[in-house]
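Below is one structure, written out as structure tokens; comments come after it.
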Amino acid sequence: MKLAAKLILIFLVGVFAVVSLFAWQTIQRQHAWQRQQREAHAHELVEIFQSAIDSVSASNSRVTFRQAVEVTTEQRGGPRMRWI
């Protein structure tokens, strides 16, 4: 192999290594961000459901899942949840 071909090959391997490293870091950050978003959403839903359940239990009545979903959609902003 000629010297120019060897140098180009070494350069391309180096570029591939750097691009692979940055891609791996980006994927790891994206997974961490998604995990954090899911946890925040879950905590928010737990707080809303807990307040709905507490308000119903204080009045000594029975709550169904449908009623809890209706209460949470009234209290939570953003995407709406409904019973289908």
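The values are calculated or read from the model by the stated rules, or taken from the named source; none is laboratory data. Everything quoted here is computed from the prediction, not taken from an experiment. Heads up, the Cβs are rebuilt from the backbone with ideal geometry, glycines too, and the neighbour counts pull from every protein chain shown. Please note that ligands, DNA and RNA were not included when accessible areas were found on the heavy atoms of the full protein model with its side chains. Shrake-Rupley method; radii C 1.70, N 1.55, O 1.52, S 1.80 Å.
What ranking do 20-30, 45-55 get when scored by the average of other Cβ atoms within 10 Å per residue, highest first?
On the way: 20-30: 10.0, 45-55: 13.5.
Ranked from most to least packed, the peptides come out as 45-55, 20-30.
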Charge tally in the Cβ shell below 13 Å around residue 32, where Lys, Arg are +1 and Asp, Glu are -1, residue 32 excluded
+2
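Protein chains only, probe 1.4 Å: how do 31, 43 rank by accessible area, largest first? Mind dumping the intermediate values first?
Numbers: 31 90, 43 120 Å².
Most to least solvent-accessible, the answer reads 43, 31.
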